[in-house]
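Following: one structure in structure tokens, then a few remarks.
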Amino acid sequence: MSSDIPSDIPESIALSVGLKPLQVPFFFSRAGKAARKARALRIGNKQAPTSQEQQEKNPKSKTVRVRLGRLADLMDMPMDIFLEIIVHLQPLDLLHLARASKHFRAMLMTSRSRYLWVAAFQNVAPGLPPCPPYISEPRYAAALFDQYCFACGVERSTNTEYSTTLRLCAPCHKTNFKCGEHLDISSKKLSPQFIETTLPTLLVSAVRYVDMENYQDEFNAKSNWMCSIFYVPEVEAVLALCESKQTTEQRMAFIRERHEYVTKMQSHGLAVLRWLSKEYRSKRDSQKSAREERKATILRKLEALGYNHTDYPDNDAWNKIMNQPRELTDRIWKVSRPKLEALIKQKREDDRRAEFEARLRERYAEFRPIYEEFIHVALPDHVRDFAPNWADACRLPCIVELASSDGAFPRINGARVATITTRLTAEVHEAVCQIKRDLVEMLHREYHQTHRDVLPPPPLEMAQVDAELAKATSLFLCHRCPLQTAVSASQICLHWRTEHPELKWNDAWPIDEMFDRRRKRSEWPKLLPWVCAMPGGPSCAKHALVALGIPDDTPYIALDDVVQQGRLVCLCGSPELPAPSESGWGALIKHVADEQAWHHRMQLFSKDITLWPSIKLIDNHPLSGPAPCLKLLTEGERAEVPDYSIPADAASLVTARLEHEQRQPVCSSCHFMLKDGSKRTRDIHLPRDITQIAHHMRTRHDETLSNDCILFVYA
């Protein structure tokens, strides 16, 4: 249609019809975003040759022959035949044809060709509301069926306002349609009450799907209010035209015309939404029935081939073929049948495999008590402690072969296992050797954790491996369970075999590559092994041995006995330490390492405490200097521990506060020392035990327990 506004349209309506939407600045538009992305790709792809380089490389390029367009024959077609073809097209087809060439545009975008557009709209599904009298058919077709933005022209525009017949992309829609409360509307000639109550009724509001059920027949203009969504250019135009009306009669006539126009456009937008919703439901229902019919037809054909419901899988590939909303033709069945039969064959194989694995699990369960007896009877003591657990024993080649023989139907008993005892013993010895080498590699990684390029450990004989694991510096932890103490190599293997019999030995071990813990955590291996060397344990144990004057090659078990005899103690006198008979060398080193790590974190995240001489932070677990925290006592000697006696009045006050408060207590001195906004609040939490609180105040801050030594803060 012609872009000129007909002269018979009232001025109050012509101002809305002739408005152009606001265009977003290029930088914020989708076109600008695409241009920046393309530019970044060109900059990043430095090896891409330029057009000049391509021309220098191929100086004699082939001459490009211009082909005639596919629609060129339509231009020479007789007009009556051409029009007979046109009347059968859809509105979107007419839009595409009008954009094909200037010839078709001059033919289709005139008022004389309006009947062609009317005929095209009759080819659409029934029930579509007719084009509004003030809107041209091409614009109506573009708003309904096209994808181009009316403001910036970008091809991806999914926001359509049918009451104003505008299709916009997301950035342009955000600029052109805003809530009335968010608009800066002010006028010197119009009263605030008029702007608040009357002006919204003069503007076409955006119709939303949520409003479809609230209005039976029409979307009346008087239902608009300042919280409605309005077209920004129309707000400015209506406000300016309303201010130009000098007399009351002119203003009232303008208001009546606008009310009629707004009601008509909003009702039309509501009708279009209802038609779209009806078409969507109709399409959805037809697709659903087509899927069901297709599925039933396929199942009938498969049953005729001898298959039944137990053969049909339930996966994406199967559902993709079964649930298509298209009729099953002979050609489609010819293509789909081999795919379906392949999926059925795979389903049968998977079922057979699942049944076999279920029987295999039963055979492994029968082997479990036999393996426990085998460990205690057939293995010597130095091998038994490092023996693999039940889960790893089930993966030994001889056990896999025994359990899976004859389809895993024969049961496993002692007589069958007795036939492979020699082979089982040899494979268990091989597994023990591999476990020991894994432990040595863990220690090697822990020793060199601060080095970026670390070579694997040198090849060692088994005697050297055993000697390395027997040292007092070989400490290990289990991350799979709350094992709070470090233990020796034999103890960690015994713990793994007895406490985690159903887990594979370190699924993530060995780690694919040596890693540096100084790197950011996202670069660490995604899965660390359950069993690993104690972080910082070898270094801490080595410093402890130097402080005690004990050789580095002292066996772990020897120091374990000394600790349990009460001759090797920590001079901090912490009430948290277990009794000597329940402790060990690993527990003692873990205690010292944790206390040193706590002191290091407090120094790292605390303020400059030199500005407050009254506050002290004491390192009560040094392993060097004149007074190390560990001491090897002679016969009859007693350790001198700090005196953290508790005054009676302070004990009663602190106990009352602990009973009254449910929050975790924190040390007031540590809380004052932490930097503002520090996340290390868990380091200053205190146990709800008055003895441990008094020990912390004496050994860490050289203070006596008082009512002011604890605080209760939110974490």
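Tell me the net charge near residue 362. Cut-off is 12 Å between Cβ atoms, residue 362 excluded, with +1 for each Lys or Arg and -1 for each Asp or Glu.
Net of charged neighbours comes to +2.
Can you pull out the trypsin sites (Lys or Arg not before Pro) in segment 104-196 that DSSP calls coil and that have at most 11 other Cβ atoms within 10 Å?
Sites meeting the loop and neighbour criteria: 188, 189.
Count Lys and Arg as plus one, Asp and Glu as minus one, and take only other residues whose Cβ is under 15 Å from that of residue 556; the net charge is then -3.
By the count of neighbouring beta-carbon atoms within 10 Å, fewest first, 168, 19, 545 end up ordered 19, 545, 168.
Put simply, the amide H of residue 487, placed in the peptide plane, has neighbours under 5 Å in 476, leaving out anything fewer than 5 places away on its chain. Computed from the C-beta positions of residue 381 and residue 655 and an R0 of 45 Å, the FRET efficiency is 0.35 to the nearest 0.05. Below 23 Å, Cα to Cα, which lysines can residue 542 reach? Residues fewer than 8 away in the same chain don't count. Residue 542 reaches 436, 471, 590, 631.
Per the helix-only calculation at 222 nm, which mean residue ellipticity applies to the chain, given -39500 (n - 2.57) for every DSSP H run of n ≥ 4 and division by its residues, nearest 500 deg cm²/dmol?
-15500 deg cm²/dmol
On a 0 to 90 degree scale, rounded to 10, what angle separates helix 330-378 from the longest Cα axis of the chain? Approximately 10 degrees, to the nearest ten.
About its Cα centre, the dipole of the chain is roughly 3760 debye, where the only charges are +1 on Lys and Arg Cβ and -1 on Asp and Glu Cβ.
Compared with the dominant Cα axis of the chain, that is its longest principal axis, helix 537-548 is turned about 30°. Once you've got the Cα coordinates, tell me which of 188/245; 295/320; 174/245 are over 20 Å apart. With Cα atoms farther than 20 Å apart: 174/245.
By how many nm would the segment from residue 448 to residue 191 grow when fully extended, if each residue of separation counts as 0.36 nm and the alpha-carbon distance is taken off?
Value of the extension gain: 84.5 nm.
The mean sequence separation of alpha-carbon pairs under 8 Å and at least six residues apart, normalised by the residue count of segment 292-378, gives a relative contact order of 34 percent. Computed 3J(HN,Hα) for segment 113-130, one whole-Hz value per residue from the Karplus formula 6.51 cos²θ - 1.76 cosθ + 1.60 where θ = phi - 60°, is 9, 4, 5, 5, 5, 4, 5, 5, 5, 6, 7, 7, 3, x, x, 5, x, x, glycine and proline marked x. Taking only the Cα atoms of segment 642-715, the ratio Rg/Rh comes out at 0.95, with Rh defined as the Kirkwood radius.
For segment 389-399, 3J(HN,Hα) computed residue by residue from phi via the Karplus equation (6.51, -1.76, 1.60; θ = phi - 60°) reads 6, 4, 5, 6, 5, 5, 9, 5, x, 5, 6 Hz, glycine and proline entered as x. Note on segment 279-431: with charges restricted to the Cβ of Lys and Arg (+1) and Asp and Glu (-1), its dipole about the Cα centre is near 1240 debye.
With the gyration tensor restricted to C-alpha atoms of segment 262-322, the semi-axes of the equivalent ellipsoid amount to 43, 11, 6 Å, longest first. Other residues lying with their Cβ under 13 Å from the Cβ of residue 292 contribute a combined charge of +4, Lys and Arg counting +1, Asp and Glu -1.
Among the GluC sites (Glu not before Pro) in segment 310-415, those located in a DSSP loop and surrounded by at most 14 other Cβ atoms within 10 Å of their own Cβ are 327. The modelled label-to-label distance for the pair residue 184/residue 248, using points 7 Å beyond Cα in the direction of Cβ, is 3.4 nm. Residues whose amide H falls under 5 Å from that of residue 471, counting only those 5 or more places apart or on a different chain, are 556, with hydrogens built in the peptide plane. As a ratio to 2.2 N^0.38 Å, the alpha-carbon radius of gyration for segment 559-715 is 1.11.
Just checking my list [x] 2, 9, 11, 11, 11, 11, 13, 14, 11, 6, 2, 0, 0; [y] 2, 9, 11, 11, 12, 12, 11, 9, 8, 7, 4, 2, 1, 1, 0, 0; [z] 2, 12, 19, 22, 19, 14, 8, 4, 1, 0, 0 against P(r) over Cα pairs in 10 Å bins from 0, in percent computed from this structure; which label fits? Computed from these coordinates, P(r) over Cα pairs in 10 Å bins from 0, in percent corresponds to label [x]. The relative contact order of segment 108-216, computed from alpha carbon pairs under 8 Å that lie at least 6 residues apart in sequence, is 16 percent. The amide H of residue 531, built 1.01 Å from its N in the peptide plane, has 479, 506 as neighbours under 5 Å, considering only residues 5 or more places off or on other chains.
For segment 536-638, what are the per-bin percents of Cα-Cα distances with bins 10 Å wide, up to the bin holding the maximum? Percent of pairs per bin, in order: 13, 45, 28, 11, 3. In sequence order, segment 665-672 has phi-based couplings of x, 10, 6, 5, 5, 5, 5, 5 Hz under the Karplus curve 6.51 cos²θ - 1.76 cosθ + 1.60, θ = phi - 60°, and Gly or Pro positions carry x. With a Förster radius of 35 Å applied to the C-beta separation of residue 639 and residue 502, the computed FRET efficiency comes to 0.20. When restricted to Cα atoms, segment 310-414 yields an Rg and a Dmax of 22.7, 73 Å, respectively. Projecting the Cα atoms of 456, 387, 247 onto the charge dipole of the chain (Cβ charges, centred on the Cα centre) puts 247 farthest toward the positive pole. Relative to the current alpha-carbon distance between residue 310 and residue 296, full extension at 0.36 nm per residue lengthens the span by 3.5 nm.
Dipole of segment 642-715 computed with +1 at Lys/Arg Cβ and -1 at Asp/Glu Cβ about the Cα centre; of 655, 672, 709, farthest Cα towards the positive end is 672.
Can you tell me the FRET efficiency between residue 355 and residue 85 if r is taken as the Cβ-Cβ distance and R0 is 51 Å, rounded to the nearest 0.05?
Using R0 = 51 Å, I get an efficiency of 0.20.
Please report the relative contact order for the chain, taking Cα pairs under 8 Å with a sequence separation of at least 6, and give it as a percent rounded to a whole number.
Details: 792 pairs, mean separation 54.2, N = 715.
Value for the chain: 8 percent.
Values quoted throughout were computed directly from the atomic coordinates according to the rules given, and no laboratory measurement underlies them. Note that this is a predicted model, so its numbers are computed, not measured. Cβ atoms come from the backbone with ideal geometry, glycine included; neighbour counts cover every protein chain shown.
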